[in-house]
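The values are calculated or read from the model by the stated rules, or taken from the named source; none is laboratory data. Given the structure is predicted, the values throughout are model-derived calculations rather than measurements. Glycine gets a Cβ as well: all are built from the backbone with ideal geometry, and neighbour counts include every protein chain shown. The area values use the complete protein model at the heavy-atom level, side chains included, leaving out ligands, DNA and RNA. Shrake-Rupley method; radii C 1.70, N 1.55, O 1.52, S 1.80 Å.
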Amino acid sequence: MSVISFGDMATSIRNMRVTTQTKLDLEKYGSEVASGEKYDLSASVSGDFSPLASIERSLRTLQSYDLAIKEADLFATTVQSSLGSISEHVEELSSVLLTASTNGDATSVSVAGTDARTRFDAVVSTLNTRIGNRSLFSGAATGETALISADEIMNDLVAAVAGSSSFSDVEAIVDDWFMSSSGGFEMIAYQGSDIALSPFALGEHETVRVDFSANDASIRETLKGLALAALVDEGVLEGSVSEQSSLLQSAGETLMGVQAGLADLRAQVGAVEARIEEASLSNSAMTFSYETAKSEIVSADAYETASMLTQTETQLQLIYTLTARMSRLSLSDYI
């Protein structure tokens with residue numbers, strides 16, 4: 001039987017080809033082990049990148065919604081915190097005012113008036129809270145501070161009630177200033193917009209509104225109650241402790257009555273926060289699903305790749321070993 005053998009040149013070329021292919025395989029499996037992704041993605045998907053492109057487009061869209069959800073969450077959470085702070089001031093001060101009006105002595109009235117002025121300043125400051133460059137309680141006019149300063153409001157109120165001799169006169173003027181459509185609050189104090197803040201996009205077909213402003217009736221009623229009591233600290237009706245006591249009583253009753261409205265506002269914000277949380281969970285679940293689908297396309301099998309890498313390394317070592325032995329062959333060894 002005749003034997004077909006390879007000549008030296010053919011053998012050399014074949015060995016070079018095998019060595020080169022083995023090195024390429026080593027680079028491929030090494031890259032897949034290091035990156036966890038397939039080395040030749042085009043071959044893996046047979047040149048059809050449409051499914052992968054669709055998944056990546058969906059992931060980018062979900063990422064943009066995730067940013068919007070986080071922004072809406074921060075906005076709503078800060079509004080809730082601000083309303084909580086205002087409610088706390090109202091609840092605490094209403095009791096102080098009613099107690100002081102019942103005692104009726106000059107010291108109690110003075111202390112309560114000073115406390116009211118301090119809390120009025122704090123509430124106005126809270127309503128002027130900003131996140132970054134956006135005002136929380138200015139409606140669509142987020143670039144504008146919601147209210148003028150507490151000092152400016154009080155100065156205008158003091159001028160408005162100048163000459164009043166009874167708490168009922170002061171009460172009527174302050175009520176008109178805050179609650180009338182042509183009063184000082186709308187004309188001077190509120191700097192925001194009557195247009196609601198644009199809704200936040202939580203998903204492709206879902207939005208949520210966080211459109212609470214300092215122009216809300218409950219907020220205005222709150223400021224009115226605080227201002228009524230704070231006017232005592234400004235010296236209004238200073239000649240009559242009994243009239244000042246009546247003014248504190250009216251302010252306390254106003255603040256007691258507004259607590260339900262503030263609670264309703266907080267409940268509305270709570271409902272918004274719940275929707276935002278649901279949208280966040282849904283967005284996270286969808287993102288996980290798409291990332292899993294993408295991973296199935298682009299990721300290399302870790303166990304299989306590691307096994308092939310070890311096998312290729314062994315094969316390359318064997319080639320080098322055989323090559324080294326063949327290079328040491330000499331005719332003198334066989335003579």
_When you check Met187 against the structure, is it part of a helix (DSSP H, G or I), free of Cβ contacts under 8 Å to residues at least 60 places away in the same chain and of a type in the set (A, V, I, L, M, F, W, C), yes or no?_
yes
Examine the stretch 210-222 for a residue that is under 37 Å from the mean Cα position of the chain (by Cα) and farther than 25 Å from Ser85 by Cβ, and state whether such a residue exists.
no
Among (1) over 20 Å from the mean Cα position of the chain (by Cα); (2) among the charged types (D, E, K, R); (3) at pLDDT below 95; (4) open to solvent by less than 50 Å² (accessible area, probe 1.4 Å), Asp66 falls short only on (1)
Within the stretch 177-191, restricting to residues that are open to solvent by less than 20 Å² (accessible area, probe 1.4 Å) and small (Gly, Ala, Ser), the one that is nearest to Ser64 (Cα to Cα) is Ala189
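Residues are listed down the side, and each one gets a yes or a no for (1) open to solvent by 60 Å² or more (accessible area, probe 1.4 Å); (2) not hydrophobic (A, V, I, L, M, F, W, C):
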site: Ser82; (1), (2): no, yes
site: Ser108; (1), (2): no, yes
site: Val123; (1), (2): no, no
site: Thr126; (1), (2): no, yes
site: Asn133; (1), (2): yes, yes
site: Thr145; (1), (2): no, yes
site: Ser168; (1), (2): no, yes
- For Ala172, state whether it is surrounded by fewer than 18 Cβ atoms within 10 Å (Cβ to Cβ) and not basic (Lys, Arg). yes
- Determine if the stretch 148-155 includes at least one residue that is in contact (Cβ under 8 Å) with a residue 24 or more places away in the chain, in a loop (DSSP other than H, G, I, E, B), in contact with a Phe, Trp or Tyr (Cβ under 9 Å, 6 or more places away or on another chain) and open to solvent by 10 Å² or more (accessible area, probe 1.4 Å). yes
For Phe288, the lone unmet condition from (1) at pLDDT 95 or above; (2) of a type outside the set (A, V, I, L, M); (3) under 23 Å from the mean Cα position of the chain (by Cα) is (1)
Going through the stretch 236-258 in order, the residues found to be open to solvent by less than 40 Å² (accessible area, probe 1.4 Å), under 21 Å from Asn155 (Cα atoms) and part of a helix (DSSP H, G or I) are Gln244, Leu247, Leu248, Ser250, Ala251
Taking the stretch 193-235 and keeping residues touching a Pro at 6+ places or on another chain (Cβ under 9 Å) and either crowded, with 19+ Cβ neighbours inside 10 Å or modelled with pLDDT of 95 or more (or both) leaves Val208, Val210
Expected single match for closer than 18 Å to Ser245 by Cα, out of contact with any Pro (no Cβ under 9 Å at 6 or more places or on another chain) and of a type in the set (A, V, I, L, M) among Leu136, Leu93, Leu127 is Leu93
Within the stretch 163-184, the residues that are touching a residue at least 60 places away in the same chain (Cβ under 8 Å) and of a type in the set (D, E, K, R) are Glu171
